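In what follows, a single structure is set out as structure tokens and then discussed.
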Amino acid sequence: MTCLGEKMTTPAWREKQSWFLIAENDRMVAPETQRFLAERMKSKVTTVPSDHVPLSSRAEAIVDLVVTAAR
């Protein structure tokens, strides 16, 4: 629990390229909120018609995103 109280220094997304998958059918985190976060992070964005858990419902999109980021 100690780690939850530690102050963050510089988040990695401020210095490194990041990728963000927006789940368009997410009912837990609004797509507008996801877009805001992705924009703030200056992420490369991928959008899929997915629910809150694209790892389960759109696994191929996750694989494509990871492969793209790794290149």
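A few notes on this one:
- Where a residue in region 56-71 is of a type in the set (S, T, Y) and its partner, wherever it lies, is modelled with pLDDT of 90 or more, with Cβ under 6 Å and at least six apart: S57/S50; S57/D51
- Within region 1-19, if we keep just the residues that are among the hydrophobic types (A, V, I, L, M, F, W, C) and not in a loop (DSSP other than H, G, I, E, B), the residue that is nearest to S57 (Cα to Cα) turns out to be W19.
- For region 20-38, a residue qualifies if it is in contact with a strand residue (DSSP E or B) (Cβ under 8 Å, 6 or more places away or on another chain) and either part of a helix (DSSP H, G or I) or of a type outside the set (D, E, K, R) (or both), and the qualifying residues are F20, L21, I22, A23, V29, P31, Q34, R35, L37, A38.
- Residue check for L55: touching a helix residue (DSSP H, G or I) at 6+ places or on another chain (Cβ under 8 Å), aliphatic (A, V, I, L, M), surrounded by 11 or more Cβ atoms within 10 Å (Cβ to Cβ) and not in a loop (DSSP other than H, G, I, E, B): yes
- Test: residue in region 64-71 that is of a type in the set (A, V, I, L, M, F, W, C), at pLDDT below 90 and in a helix (DSSP H, G or I): no
The values are calculated or read from the model by the stated rules, or taken from the named source; none is laboratory data. All values reported here derive from a predicted model rather than from experimental measurement. Methodologically, a virtual Cβ is constructed for each residue, glycine included, from the backbone with ideal geometry; neighbour enumeration extends over all protein chains shown.
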